[in-house]
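Report on the following structure.
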Amino acid sequence: MNIININSIPIFIKELEKEESITQDEYNELISLEVQKRDYDKTFSTLMSNSSVILENSKLQNIKNTKLKYVDFYLQEILGISNKFKMTSSWLTINNNGSSHERHSHGNVILSSVLYFSENLLSETMASFYISQLELKNIFQSFQFEYNTFKYNEYNSPSLTIPTKTNLLIIFPAWLKHGSEPMNKNTKRYCIGANYFLNDHVGSGYHSLSIQSSIKDQTLQ
C-alpha cells in the first residue's frame, strides 16, 4: 500500500493481496460483458461496458467488497471520516494497443476507484494512469501565480503518473482530472471503475442532512 499526495491530496495505491486478486472465473465474467465505443469518443478509442452497475453481478461480489473495504480504509484511516459511503456505479473500460482513456473527472460523486488488469491476467506493467489537479496551480489559492518551481514534491506537484499492472487499485477524489496514457503493447488493458457517494446522516441541528444514495443502471446507448 502507498499513499501519494498531489498538492497534499492523498491518492491511495494498493496492489491487491493474492487472496483479493481477480480470479480466472471473475476474469471470464468480466471479458464476457457487452461493450461498445462511446459516440463522443472519436480519438481515444476506449471501449466501455453497456452497463454502469457491473459489480452488482453476484459473480463479481468479491471485487465489489474488496473495493469497498479499501474505500472504507481511505475514509477512516487516512481522512479520519466515519460517515458511510456507498458504491453508486461501476463499469468496465478496455484499451487496445495505441488507445488511451481521455483525461476527465466525475460529476455528482465524491470518490472514485480504478482496478486494473491485463489480458489473461498477465502481471506485466501497462500504460500509466494519469491524475492531476491542474485547476489549482499551487497551494496559495488566493493568487494563482506561476511560481518558478525548482523541486517537485507531494506539496507542490499538480499531477502524477502511476504505472499500472494487474490487480492495482487506485482510490482518489472524483473531481481530480484523470485518464490513462496510450497502450503500446499488443494486448488489452482492462479497468474496473467505480464511483461512491455519501449514504449517511451528516451535520447536526439546523445544518444536518440525511443522504440516501441509490443505484441505477445508466445503460450506454
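Laboratory data are not the source of any read-out in this text; all were calculated from the coordinates shown. Everything numeric here is computed off the predicted structure, so don't read it as measured data. Glycine also receives a Cβ, built like all others from the backbone with ideal geometry; neighbour counts cover every protein chain displayed.
The dipole here belongs to the chain: it is taken about the Cα centre, uses +1 on the Cβ of Lys and Arg and -1 on the Cβ of Asp and Glu, and is about 300 debye. Sorting the segments 195-208, 114-127 by their mean number of nearby beta carbons within 10 angstrom, highest to lowest, gives 114-127, 195-208. For the chain, a Kirkwood hydrodynamic radius built from all Cα pairs, placed in the Stokes-Einstein relation at 10 °C and 1.306 mPa s, yields a translational diffusion coefficient of 86 µm²/s. Taking amide H as placed 1.01 Å from N in the peptide plane, LYS165 has its amide H under 5 Å from the amide H of MET126, each at least 5 places away in sequence or on another chain. Look at the alpha carbon pairs under 8 Å that are at least 6 residues apart: their mean separation over the length of the chain gives a relative contact order of 32 percent.
Filter the chymotrypsin sites (Phe, Trp or Tyr not before Pro) in the range 1-72 down to the DSSP loop ones having no more than 14 other Cβ atoms within 10 Å, then list what survives. Those satisfying the criteria are TYR40. A protection proxy built from the mean count of other Cβ atoms within 10 Å ranks the segments 58-66, 74-82, most packed first, as 58-66, 74-82.
For the range 146-184, the list of trypsin sites (Lys or Arg not before Pro) that fall in a loop by DSSP and count at most 10 other C-beta atoms within 10 angstrom reads LYS151.
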